[in-house]
1. Looking only at the range 120-152, filter to residues that are part of a strand (DSSP E or B) and touching a helix residue (DSSP H, G or I) at 6+ places or on another chain (Cβ under 7 Å); which one of those is nearest to Ala205 (Cα to Cα)?
2. Here is a list: Asp155, Asp184. Which entry is over 18 Å from Asp109 (Cα atoms) and among the charged types (D, E, K, R)?
3. Pick out the one residue from Glu145, Glu194, Glu233 that is surrounded by fewer than 19 Cβ atoms within 10 Å (Cβ to Cβ) and in contact with a strand residue (DSSP E or B) (Cβ under 8 Å, 6 or more places away or on another chain).
4. So is His66 under 22 Å from Glu194 (Cβ atoms), more than 17 Å from the chain's Cα centre (by Cα) and of a type outside the set (A, V, I, L, M) or not?
5. Which of the residues belonging to the range 1-36 are within 13 Å of Thr225 (Cα to Cα), aliphatic (A, V, I, L, M) and in a helix (DSSP H, G or I)?
6. Hey, could you check the range 199-218 for residues that are crowded, with 19+ Cβ neighbours inside 10 Å and touching a helix residue (DSSP H, G or I) at 6+ places or on another chain (Cβ under 7 Å) and say which is farthest from Gly101 (Cα to Cα)?
7. Keeping to the range 184-214, report how many residues are of a type in the set (S, T, N, Q) and either free of Cβ contacts under 8 Å to residues at least 60 places away in the same chain or in contact with a Pro (Cβ under 9 Å, 6 or more places away or on another chain) (or both).
8. Here are Gly101, Gly162, Gly152: which of them is at positive phi and touching a Phe, Trp or Tyr at 6+ places or on another chain (Cβ under 8 Å)?
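The values are calculated or read from the model by the stated rules, or taken from the named source; none is laboratory data. Worth saying up front: this structure is predicted, and the values here are computed from it rather than measured. Cβ placement follows ideal geometry from the backbone for every residue including glycine, while neighbour counts extend to all protein chains displayed.
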Amino acid sequence: MTIKQAMVLAAGLGTRMRPITDTMPKPLVKIGGKPMIDYALDSLAEAGVERAVVNVHYLADQMLEHLSSYKKLEILISDERDQLMNSGGGVAKGLKLLDPGEVFVTNADLFWIGERPGTPSNLTRLAGFFDAGIMDMAMLCVKIEDTTGHNGKNDFNMTRDGQLGRYHSDGPDPVVYAGAIVMDTSFLNDAPTEPFNFNVYFDKAIARSRLYGMVLQGHWLTVGTPEAVGEAEETIRRFRTFA
């Protein structure tokens, strides 16, 4: 089934990217000639999403101007200029602007390249993988050797059937969270209205044995510091050369 709605987290302060983010919100920093948020939006549009909520806070006017010119899908704004809601609070607030049902949740500053042409995209595969009967969330994951700019730490262990638990060194396959999830909006029906970290709901799903993951195709990038921009762009050039 095609998932037609999404939430994109884009309200962070980007403090580690200073001085670049002194005058520009992190999601608009260009990597390989393209604002980071457009990698996320393009992936969602390719997967069939028609409407996406994007939350804004820091230098919001720049975000609003950019998003108003993006035409591949309808964009709704979750305005956090009065109060930054943290990752979980941002999702809970933004989902109220969407219809109940299945939804992608993605980050504006984490993206991937190198998907194989002619095959279903990572998000299309993730949507097909999600099974509400046994899962609270289906999470896109990546092997640490397929990352650029990451801190070198694993987030979860993945069993053969895709079930996830918090990482420990003697667990099954270690993976990194790649910044995209499929879930049903009802999973956050009990969410608080104040700011909170989305990890609360990862742990809730783990406790219920209902957090599952799927490994992405391609290579995953995160750009957390000004120095990481060049490394990310070199990785993109390398992949484009061999595409």
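1. Among those residues, the one meeting the criterion is Met137.
2. Asp184
3. Glu233
4. So His66 does not fit the description; no.
5. Met17, Ile20, listed by residue number.
6. By that ranking, first place goes to Leu216.
7. 4
8. Working: Gly101 fails: touching a Phe, Trp or Tyr at 6+ places or on another chain (Cβ under 8 Å); Gly152 fails: touching a Phe, Trp or Tyr at 6+ places or on another chain (Cβ under 8 Å).
One residue alone meets the criteria, Gly162.
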